Each structure stands twice: as structure tokens, then as C-alpha cells.
Amino acid sequence: MIIQIATELTYVPKWNSNRDLPADEQIVAHYKVISIKDKGRVLKKPDVEFQYDPAGQVKGGSVAISFDRKPVIAAMLTRLDNCGWKDKTGEHAIIRAIDFDEAPTAFDSLADELGEFFRSELEKKLDEKN
């Protein structure tokens with residue numbers, strides 16, 4: 001079976017009422033579909049730990065779930081359009097994932113939204129109904 005896969009997609013973030021702006025002013029995230037290998041690298045499995053009594057019965061357990069948005073954004077984001085800020089030194093664009101490292105904390109929630117959106121894209125399942 002051959003399935004059609006789009007390799008370059010776009011997402012318009014909700015951040016800071018972005019979707020209410022005229023289309024030519026909106027921040028648009030361009031992103032790519034990544035491989036299974038890259039998905040395994042950027043989405044870590046949760047750490048699961050169980051405690052057992054001397055008879056081998058489970059006494060309890062814990063699951064540590066964490067999500068680091070940075071590797072997901074770095075793997076999937078190809079570019080951002082219309083994103084940046086201005087200060088006394090001039091205008092600064094956020095175009096690539098690495099640009100978030102130098103951005104003011106005002107952009108932290110945008111990075112969160114992109115990370116969550118990309119993660120949800122990676123966790124989507126193909127509709128297997130025939």
C-alpha cells in the first residue's frame with residue numbers, strides 16, 4: 001500500500017491573538033514531517049518504575065512524564081514567517097528554532113504552543129479504517 005504524505009505543512013499559532021490578524025501579518029510556522037527515527041529521538045518514552053514486595057507482588061509505582069519542546073521544535077520547524085520583536089538595538093526576527101534561544105521571554109508561550117502542536121502531530125495515528 002502506498003499512502004500520500006505531505007512533507008511540508010503550515011500552522012498558524014493562536015498565540016497573542018495571532019489568528020485575529022490579517023493573513024499577511026499572521027505568524028505562520030512551516031514545518032516538516034519527520035522520520036520514525038527522529039520521532040524516537042525527540043519524543044522520549046516516560047520513565048516507569050514499580051516497587052515489588054518480597055513475594056513479587058507490585059506494591060506501587062510511578063511514572064515520570066516530561067516533555068522538552070526544544071528538540072521537537074528543532075526537528076520539525078523549517079521557518080517562521082512574521083515573527084520577531086523590536087528594541088533599542090533594532091528589529092530581530094525569529095525564523096528558525098535556534099532563534100528562540102535569544103528571544104525575550106515574551107515568546108516563551110509561543111514556543112510552548114509550537115512544541116505542543118508538533119508533539120500532537122507526532123502522536124497522531126493514521127486512520128486505519130477501510
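Just a few scattered comments:
- Note on LYS124/ASP81: beta-carbon distance plugged into 1/(1 + (r/R0)^6) with R0 of 25 Å gives a FRET efficiency of 0.60.
- The H on the amide N of ARG79, modeled in the peptide plane, is under 5 Å from the matching H of HIS30, each at least 5 residues off or on a different chain.
- Eligible aspartates and glutamates near LYS32 by straight Cα distance, threshold 16 Å, same-chain separation 8 or greater: GLU8, ASP81, GLU116, GLU121, GLU123
- Pairs from LYS14/LYS124; LYS44/LYS86; LYS44/LYS125; LYS37/LYS70; LYS14/LYS86 whose Cα-Cα separation, in the structure shown, is over 26 Å: LYS44/LYS86
- Note on the chain: Kirkwood hydrodynamic radius from all Cα pairs is 17.4 Å, rounded to one decimal.
- Degrees, to the nearest 10: 108-123 long Cα axis against longest axis of the chain: 50
- Difference of contour (0.36 nm per residue) and Cα-Cα distance, GLU102 to GLU8: 31.3 nm
Read the figures in this text as sums done on the coordinates, not as results from a lab. These numbers were taken from a predicted model, which means no experiment stands behind them. Heads up, the Cβs are rebuilt from the backbone with ideal geometry, glycines too, and the neighbour counts pull from every protein chain shown.
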